[in-house]
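Reading through the structure tokens given below for one structure.
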Ligand code: FAD
């Protein structure tokens with residue numbers, strides 16, 4: 001490379017120093033490295049009309065988590081003799097003007113499979129190739145390269161977890177050491193006329209007047225991610241015996257799972273490093289659980305959804321999505337708002353939705369319950385509507401995983417046992433008979449006796465009065481009766497499935513008639 005050469009390191013996800021092949025490549029052979037993050041109005045611009053504080057696409061908790069992650073990255077870069085350059089605007093335009101201004105010879109960024117980034121990357125790559133800039137864009141967000149798996153599977157993504165495992169096998173890097181530290185970086189060159197800022201605060205982004213009554217307890221950044229990972233793997237027995245379906249979804253003081261998802265989402269934590277740490281624990285214990293229920297199994301679920309999402313056109317919608325059952329969902333805005341705003345009258349469901357809004361994170365089975373309730377369980381509202389609410393409010397909101405799980409929970413794809421519905425009453429009670437989770441997230445019910453905490457509308461008026469919570473006044477009556485609503489949902493699903501089979505040529509008119 002000629003002397004005076006510059007490299008631009010474009011951070012999007014992958015907000016870390018450890019196991020970051022794009023950064024490692026950028027760190028070698030250049031006189032100057034420009035580490036850049038672009039604040040994208042598409043995700044960050046305040047939307048005063050949104051149903052909760054934040055932008056159109058991201059709730060304020062996730063925006064704050066991202067800014068914390070950037071501040072942490074900036075600190076780490078400073079320790080390496082560099083710093084994070086923050087710019088604002090449409091990312092491909094900003095990038096291209098920086099590439100021109102700084103006479104960059106190489107641009108490095110982690111490969112991203114999300115459609116939004118795929119489209120941006122084409123623009124940046126096209127510009128780079130037109131002016132002879134080298135592009136280095138390695139896959140490091142997932143354990144596997146989704147494109148490799150699809151190719152190994154004959155051009156289509158495997159559609160079951162087991163077939164995915166079979167095709168994927170052991171990751172090629174599994175037993176070789178990952179590059180987990182970079183000792184120094186070349187300095188940042190002259191930034192010319194590009195408008196650079198420090199990592200902004202939420203106030204500086206225009207959220208100064210916004211009222212947020214509770215912030216997520218989870219703090220963003222690679223340092224937090226590694227600390228949290230160390231905490232989790234310290235308990236070798238817990239790691240070795242981890243069985244996802246056995247976790248308690250109502251545990252909130254000490255959640256039953258790692259809560260590493262927000263760090264994996266932004267790439268503050270490398271999934272490959274996490275995988276290797278788990279393998280180290282497994283090597284040092286007598287026996288351990290296995291996929292799909294083990295912790296390594298959870299990381300493989302993540303890669304499974306990334307692979308199917310990458311290989312399925314229109315993965316995020318029902319229309320023109322070849323793996324999605326066509327179901328005549330309703331778009332009832334009142335029922336949707338009741339669910340979104342924790343006003344269904346079912347305390348277990350509402351408490352989970354409050355946790356989503358306040359923390360941006362809930363246990364996997366809690367997510368199951370509310371997703372099932374909104375769609376095939378009770379309200380029969382379109383899964384895309386629920387997906388949008390999760391996409392905005394989760395701090396771990398992830399395009400592939402979120403869509404994949406909504407397809408699953410609504411019995412639109414992957415999972416088809418629509419007769420198995422989560423009860424909004426008895427499911428939570430199994431784990432938390434006293435209703436501590438409900439009392440915490442719905443303080444209006446904190447004095448309700450435990451016999452009624454999951455069904456407060458059945459409490460006699462004298463009990464409601466004593467608990468200072470009159471149903472219909474202080475807390476809503478149920479929006480639907482679970483017994484009749486769930487029966488009706490099953491009937492509609494049976495009909496829709498039959499119609500889907502007919503469309504695929506597997507059922508006759510007569511079979512269809514028998515279902516009615
Ligand atoms: P752990 O059990 O500790 O698992 C470790 C990691 O494995 C997680 O951090 C995550 O990256 C991955 N993982 C775990 N479960 C799954 C799964 N079912 N599918 C894919 N990857 C998994 N997870 C997201 O990261 N982002 C989302 O937007 C998201 N949306 C969801 C929507 C619905 C309707 C449902 C039912 C689940 C969703 N999940 C999503 C999956 C799962 O609930 C979370 O990954 C998990 O609860 C995160 O907590 P954890 O880090 O403690 O998980």
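Please treat every number below as a calculation from the coordinates, not as lab data. Nothing here was measured: the structure is a model prediction, and the numbers come from that model. For neighbour counting, all protein chains shown are included, and Cβ atoms are generated from backbone atoms with ideal geometry for every residue, glycine included.
A compact table of results
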| quantity | calculated |
| --- | --- |
| The chain - Rg over Rh from alpha carbon coordinates, Kirkwood radius | 0.99 |
| Rel. contact order, % - alpha carbon contacts under 8 angstrom, at least six apart, the stretch 269-394 | 17 |
| Linear extension gain, residue 462 paired with residue 151, 0.36 nm per residue minus alpha-carbon span | 105.4 nm |
| Size of the stretch 1-115 as Cα extents on the principal axes (Å, biggest first) | 52, 27, 24 |
| Relative exposure of 316, 341, judged by other C-beta atoms within 10 Å (fewest first) | 341, 316 |
| The stretch 222-293 shape via C-alpha gyration tensor axes, a/c threshold 1.5 | oblate |
| Point-to-point label distance, residue 434-residue 241, nm (Cα→Cβ direction, 7 Å offset) | 2.2 |
| Pairwise centroid distance, computed over Cα atoms, of the stretch 220-240 with the stretch 47-65, Å | 28 |
| For the stretch 41-92, alpha-carbon Rg and Dmax in angstrom | 13.4, 42 |
| Cα gyration tensor category, rounded, prolate or oblate, for the stretch 89-236 with a/c compared to 1.5 | oblate |
| Extension gain, residue 287 back to residue 78 (0.36 nm per residue minus Cα-Cα distance, nm) | 71.0 nm |
| Helix-only [θ]222 nm of the chain, DSSP H runs n ≥ 4, -39500 (n - 2.57) each, per residue, nearest 500 | -13000 deg cm²/dmol |
| Cα shape, the stretch 273-393, gyration tensor, a/c 1.5 rule | oblate |
| Segment residue 175-residue 447, length gained on full extension (0.36 nm per residue, minus Cα span) | 92.5 nm |
| Packing-based exposure ordering (other Cβ within 10 Å, fewest first) of 9, 318 | 318, 9 |
| Burial ranking of peptide ranges 239-252, 205-218 (average Cβ count within 10 Å, highest at the top) | 239-252, 205-218 |
| Residue 101-residue 47 FRET efficiency (beta carbon distance; Förster radius 25 Å; 0.05 resolution) | 0.20 |
